[in-house]
Amino acid sequence: MSLSQKDKKLIDTYAIKLVNKGWGTMAIMFFDSTKYLSNIGSQLLHVLSPTLTMIPYLNNFFKDSDQISEILEDRDNVEYFITRIEYFMNEESKAKENKRKLLDKNNDGAKHE
């Protein structure tokens, strides 16, 4: 199944949410170990989505659960989701490293004054 731009944007949205919550590594491990059962997992998400959206904390996170479960039925799309999570984790790591370098540079400048 080829992904539309809308599907790719949805995958990116969920990948960013997972990375921002600190669940990136755990999500990669989960999806990588279950990608061969992706069809079963997506059907389970279809079944659980009404219950998950009733929980206020999870309501916003799973508001597109039907669409994301359809996307993740295809194993190739699960692999694409994993690569997007890895990409955003790498970007977050680079941003933290750049911020640390900037702070170190500012601290070194303050010491010499």
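Annotations
- Scope region 74-89; condition of a type in the set (V, I, T) and surrounded by fewer than 18 Cβ atoms within 10 Å (Cβ to Cβ); matching residues: T83
- The residue that is nearest to K17 (Cα to Cα), among those in region 30-78 that are at pLDDT 70 or above, under 16 Å from the mean Cα position of the chain (by Cα) and not in a helix (DSSP H, G or I), is D64.
- Among the residues making up region 1-46, those that are among the aromatic types (F, W, Y) and crowded, with 16+ Cβ neighbours inside 10 Å are Y14, F31.
- Scan of region 1-27 for residues that are part of a helix (DSSP H, G or I) and charged (D, E, K, R), ordered by number: K6, D7, K8, K9, D12, K17
- Close Cβ contacts (under 6 Å, 6 or more residues apart or on different chains) running from residues in region 69-95 that are free of Cβ contacts under 8 Å to residues at least 12 places away in the same chain and under 12 Å from T25 (Cα atoms) to residues that are among the hydrophobic types (A, V, I, L, M, F, W, C) and crowded, with 18+ Cβ neighbours inside 10 Å are absent.
The values are calculated or read from the model by the stated rules, or taken from the named source; none is laboratory data. Every value quoted in this text rests on a predicted model; they were computed, and no experiment measured them. Cβ atoms come from the backbone with ideal geometry, glycine included; neighbour counts cover every protein chain shown.
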